[in-house]
Amino acid sequence: MDINSHAMLGNAWFGLIGLMLIFYVVTDGFDLGVGILSLFTRREQERNLIFQSIEHVWDANETWLVVVGGALFGAFPSAYATLLEGLYIPIMLLIASLIMRGASIEFRHAAGNKRLWDVIFGVGSLLAAVAQGVVLGEVITGLQPGWLSGIFTACTALGVVAGYCLLGSTYLIKKTGGQLEAAARRYATASVLATVAAAIVLSAGTMVFSAIGHDRWAQPGVFGVLLALAAIAASAFIYILWAVHVNGVRGPFRGAIVLFLASFAGLAISFFPDLVPGKLSITAAASDEPTLIFMLIGMGSMLPIMIGYNLFQYYVFEGKVVPRKH
């Protein structure tokens, strides 16, 4: 086995998994966000609109998480084992929360007491976001125990919740009208402020608690790239506030996506060449070369289809939702 080709394949899979993960974070992020915001929506008519806005996309959005898990298991089995062993509780919480969401969406249609299933949907969305934030915080700190790492992970969970609320609120601006849209604009302003504040705190915390800050950010050229991405994120932040203020419809959601893309790119650059900072590198964790090639062929044929049907469904259901007549 050629070491260079094995490293190239490992890096290619690192990039592919990162691409699939950003698809998941953006798409399922906004419907988790609208679920969290539904907890603050008192009128059933407005909650009906919230469900209408995501009912045609939520299950397809979660497909990306399944693919990410399968790709990680096949391409980086040792990383999969390490992460699952260290993150058993938050991952089980994530799975249980997604089951709660799916059941509530399906049972709500036939239920006489819709409020109960609305609460289950909202709580499931919140717990799923918290679980993903815990996973992220634990991975950034290299699965290190300790109360300081615990505080950092708690801040990461809050940051993910705020970020998903930003995606959800800007999505509702794009998809709804009336009082719900007006409320979504207020939520968008609050959540973008909370998201950026959390990002600043977590960036400072990474310098202290993670091997990323000690090692990767100190490498030549890396910090300059991160500053450029930070400038893009800052521009997106300003644009979101402006777009919300001038009653933009699609602008806030597009700005939120750019903010997430810049943040995710910075995270990927910070991790490389590790999968678990300070513990497990991409090359050490990668499967053998034939496995990576075989999986690459399969993913190369499947990924365009997945991207295509996602884009098609958003195109077909473009525009604001209209309340159903009962």
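To check my understanding: the extent here is largest minus smallest coordinate of the Cα atoms along each principal axis. What are those three numbers for the stretch 245-326, in Å, largest first?
So the three principal-axis extents are 56, 32, 22 Å.
Report the label-to-label distance for A60 and S78 in nanometres (one decimal), using points 7 Å from each Cα along the Cα→Cβ vector.
3.9
If I require 24 Å or longer along the helix axis, counting alpha carbons, and a Kyte-Doolittle average no lower than 0.5, what helices from the chain are left? Use full DSSP H segments. List each step's numbers first, then the result.
Values: long enough: 3-38 (51 Å, 1.25); 58-75 (26 Å, 0.79); 88-108 (30 Å, 1.27); 114-140 (39 Å, 1.31); 147-175 (42 Å, 1.14); 178-209 (45 Å, 1.05); 222-245 (35 Å, 2.20); 251-271 (30 Å, 1.62); 289-316 (40 Å, 1.08).
Helices passing the filter in the chain: 3-38, 58-75, 88-108, 114-140, 147-175, 178-209, 222-245, 251-271, 289-316.
Going by Cα centres, the stretch 87-128 and the stretch 34-63 are how many Å apart?
Taking the Cα centre of the stretch 34-63 as reference, the centre of the stretch 87-128 is 12 Å away.
So how far apart, in nm, are the two label points at H6 and H109 if each is 7 Å from Cα heading toward Cβ?
Inter-label distance under the simple model: 5.1 nm.
Could you sort the peptides 142-151, 90-99 by per-residue average Cβ neighbour count (10 Å cutoff), highest mean leading?
Working: 142-151: 14.2, 90-99: 16.7.
Averaged packing, sorted descending, gives the order 90-99, 142-151.
Over all directions, how big on average is the projection of the convex hull of the alpha-carbon atoms in the stretch 201-285, in square nanometres?
On the way: hull surface 25.3 nm².
The number I arrive at for the stretch 201-285 is 6.3 nm².
Lysine pairs in the chain 8 or more apart or on different chains: how many have alpha carbons under 28 angstrom apart? Present the calculation step by step, with values, prior to reporting the outcome.
Details: K114/K174; K114/K175; K114/K320; K114/K325; K174/K320; K174/K325; K175/K320; K175/K325.
Qualifying lysine pairs in the chain: 8.
Can you give me the orientation-averaged projected area of the convex hull built on the Cα atoms of the stretch 166-225, in nm²?
Values: hull surface 20.6 nm².
Here the figure is 5.1 nm², rounded to one decimal.
What percent of all Cα-Cα pairs in the stretch 1-53 falls in each 10 Å bin, counting up from 0?
22, 28, 18, 15, 11, 6, 1
Just to be sure I follow: if Rg is taken over the C-alpha atoms of the stretch 31-165 and Rh is the Kirkwood radius over the same atoms, what is Rg/Rh? Each step should come with its number before you reach the end.
Values: Rg = 16.2 Å, Rh = 15.9 Å.
My calculation puts Rg/Rh at 1.02.
So if I restrict to the alpha-carbon atoms in the stretch 99-158, what is the Rg, and what is Dmax, the biggest pairwise distance, in Å?
15.8, 47
Taking only C-alpha pairs under 8 Å that are 6+ residues apart, what is the relative contact order of the stretch 102-231 in percent?
Details: 108 pairs, mean separation 27.1, N = 130.
RCO, the stretch 102-231: 21 percent.
Note the full-extension length gain between A154 and I95 as 0.36 nm times their separation in residues minus their Cα-Cα distance, in nm to one decimal.
Values: separation 59, 0.36 × 59 = 21.24 nm, distance 1.93 nm.
That works out to 19.3 nm of additional length.
Rounded, prolate or oblate: which fits the stretch 1-107, taking a ≥ b ≥ c as square roots of the Cα gyration tensor eigenvalues, rounded meaning a/c under 1.5, else prolate when a/b beats b/c? All intermediate terms of the calculation are to be shown ahead of the outcome.
Numbers: a/c = 3.55, a/b = 2.27, b/c = 1.56.
Taking the square roots of the gyration eigenvalues as a ≥ b ≥ c, the stretch 1-107 is prolate.
What translational diffusion coefficient, to the nearest whole µm²/s, does the chain have by Stokes-Einstein, given a Kirkwood radius computed over alpha-carbon pairs, a temperature of 37 °C and 0.692 mPa s viscosity? Can you show the working numbers first?
Working: Rh = 20.5 Å.
My calculation gives 160 µm²/s for D.
Report, to the nearest whole %, how much of the accessible area of the chain belongs to carbon and sulfur atoms, 1.4 Å probe, protein only. Mind showing how you got there, number by number?
Working: 11030 of 15280 Å².
Ligands and nucleic acids excluded, carbon and sulfur give 72 percent.
With the contact rule set at Cα under 8 Å and sequence spacing of 6 or more, what percent relative contact order holds for the chain? Numbers along the way, then the final one.
Working: 402 pairs, mean separation 82.8, N = 326.
Relative contact order of the chain: 25 percent.
Using Cα pairs closer than 8 Å and at least 6 residues apart in sequence, work out the relative contact order for the stretch 1-145, in percent. Each step should come with its number before you reach the end.
Details: 107 pairs, mean separation 42.6, N = 145.
In percent, rounded to a whole number, it is 29.
Give me the compactness ratio for the stretch 79-130, meaning the Cα radius of gyration over 2.2 N^0.38 Å.
Details: Rg = 13.7 Å, N = 52, 2.2 N^0.38 = 9.9 Å.
In units of the 2.2 N^0.38 Å rule of thumb, it is 1.39.
Per residue, how many Å² of accessible area does the stretch 96-221 show with a 1.4 Å probe?
On the way: 5180 Å² over 126 residues.
On a per-residue basis, 41 Å².
Could you tell me the center-to-center distance, by alpha carbons, between the stretch 233-302 and the stretch 7-29 in angstrom?
Answer, in whole Å: 7.
Go ahead and estimate [θ] at 222 nm for the chain from helices alone: -39,500 (n - 2.57) per DSSP H run with n ≥ 4, summed, over the residue count, rounded to 500. Intermediate values should be presented prior to the final figure.
Numbers: 12 runs with 261 residues, N = 326.
Mean residue ellipticity, 222 nm, calculated: -28000 deg cm²/dmol.
Over all directions, what mean area does the Cα convex hull of the stretch 121-224 project, stated in square nanometres?
Values: hull surface 31.3 nm².
If you wrap the Cα atoms of the stretch 121-224 in a convex hull and average its projections, you get 7.8 nm².
Please give the per residue accessible area of the stretch 4-92, computed with a probe of 1.4 Å over protein heavy atoms only, in Å². Working shown, then result.
Working: 3490 Å² over 89 residues.
Normalised by residue count, the accessible surface of the stretch 4-92 is 39 Å².
The values are calculated or read from the model by the stated rules, or taken from the named source; none is laboratory data. Nothing here was measured: the structure is a model prediction, and the numbers come from that model. Note: ideal-geometry Cβ built from the backbone for every residue, glycine included; neighbour counts use all protein chains shown. Side chains are part of the model used for accessible areas, which takes the heavy atoms of the whole protein and leaves out ligands, DNA and RNA. Shrake-Rupley method; radii C 1.70, N 1.55, O 1.52, S 1.80 Å.
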